[in-house]
Amino acid sequence: MIQPTLLSVPISPSPRLRRIAELSGALETAKRNFNILTHCSDVDELQWLAVMTKRGETRDIGQMMSEECRLLDEANRTDYGRTEIEAVANLIRRQYPTALELRELVELMELEA
């Protein structure tokens, strides 16, 4: 004799977790689409640095900052954040406030909070 089950609900992640999974590549996509490099520092407040590079840039973020720190800051090609996602979102927000990548990063930050 087969015992009937009262609750035969399939196991599935919540809509929030499903959306986080869908957005899992949003940070890397935004960094690639906008040529952004990031660096995590030891400073407690605003720990992440994001730098918008030029297409085809071959230097790493350390080389760029040591050679062009003032110029990058003056050109609004740097920004900071408490997390890597926040630093990238802050940088994109200034120059591309309506970008889909920005909306996805903001949504991901809200879902992860």
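Read-outs throughout are calculated quantities, based only on the coordinates presented, and are distinct from any laboratory measurement. Keep in mind it's a predicted model, so treat the numbers as computed, not measured. Cβ coordinates were reconstructed from backbone atoms using ideal geometry, including for glycine residues, and neighbour counts include every protein chain displayed.
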Under a Gaussian network model of the chain whose springs join Cα atoms within less than 10 Å, the largest fluctuation of 84, 28, 101 belongs to 28
Can you sort 73, 79, 60 by how many other beta carbons sit within 10 Å, fewest first? 60, 73, 79
Expressed in nanometres to one decimal, the distance between label points 7 Å along Cα→Cβ at residue 70 and residue 95 is 2.1
Based on the alpha carbon coordinates of region 16-112, what radius of gyration and maximum Cα-Cα distance (Dmax) apply, in Å? 13.4, 43
State the answer as a single residue: which of 106, 69, 48 lies farthest towards the positive end of the charge dipole of the chain, with beta carbon charges of +1 for Lys and Arg and -1 for Asp and Glu, about the Cα centre. 106
